[in-house]
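Written out below as structure tokens is the structure these notes cover.
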Amino acid sequence: MDGILTITGRGRSPDGSVRARVGGDGYLEAVRLRAEAMRLDSDALAGQVCAAVRSAQQSFARQASGARAEVLGDAAAGDPAALATRLEAAQAGFAQRIEEFGRTLDALNRRLGLE
């Protein structure tokens, strides 16, 4: 995974006259209007802008969900109990590695006569 900040959601209005982009922070980065958008009345233009932004947000959300599943695993992505199990397993593995590291340091100290 490249990271959540590299995700860019892109969307467009149903008529294609408005395009929007959402950045990795989830905030709107850009809105582009084609010439035909300028011929719409204000209500229609507002609707097209909203649709394009919504489409970009949905694109961002799909990509973020995929990235989350990649990191947490498909089962853990939507299941808090599965996520808790994975985190407990990771914590146990980390604790085991720290104990091994401590034993290695103790052995090294004994070999060097530092104890």
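The values are calculated or read from the model by the stated rules, or taken from the named source; none is laboratory data. Small disclaimer: the values here were computed from a predicted structure and weren't measured. Cβ sites come from the backbone with ideal geometry, for glycine too, and all protein chains shown count toward neighbours.
When both residues are 6+ apart or on different chains and their Cβ atoms are under 6 Å apart, which pairs have a first residue that lies in the range 54-75 and is of a type in the set (D, E, K, R), and a second that is at pLDDT below 75 and surrounded by fewer than 13 Cβ atoms within 10 Å (Cβ to Cβ)?
Partner pairs satisfying both residue conditions: GLU70/MET1.
Yes or no: LEU108 assigned to a helix (DSSP H, G or I) and exposed (fewer than 12 other Cβ atoms within 10 Å of the Cβ)?
Judged against the criteria, LEU108 is a match.
Just for the range 1-30: of the residues that are surrounded by fewer than 17 Cβ atoms within 10 Å (Cβ to Cβ), touching a strand residue (DSSP E or B) at 6+ places or on another chain (Cβ under 7 Å) and not hydroxyl-bearing (Ser, Thr, Tyr), which one is farthest from ARG68 (Cα to Cα)?
The residue in question is ALA30.
For GLY24, which of the numbered conditions (1) under 17 Å from GLY9 (Cα atoms); (2) assigned to a helix (DSSP H, G or I) fails to hold?
Here GLY24 clears every test but (2).
Looking at the range 82-99 only, could you name the residues that are farther than 16 Å from ALA69 by Cβ and either touching a Phe, Trp or Tyr at 6+ places or on another chain (Cβ under 6 Å) or of a type in the set (D, E, K, R) (or both)?
Scanning the range 82-99 gives GLU88, ARG97, GLU99.
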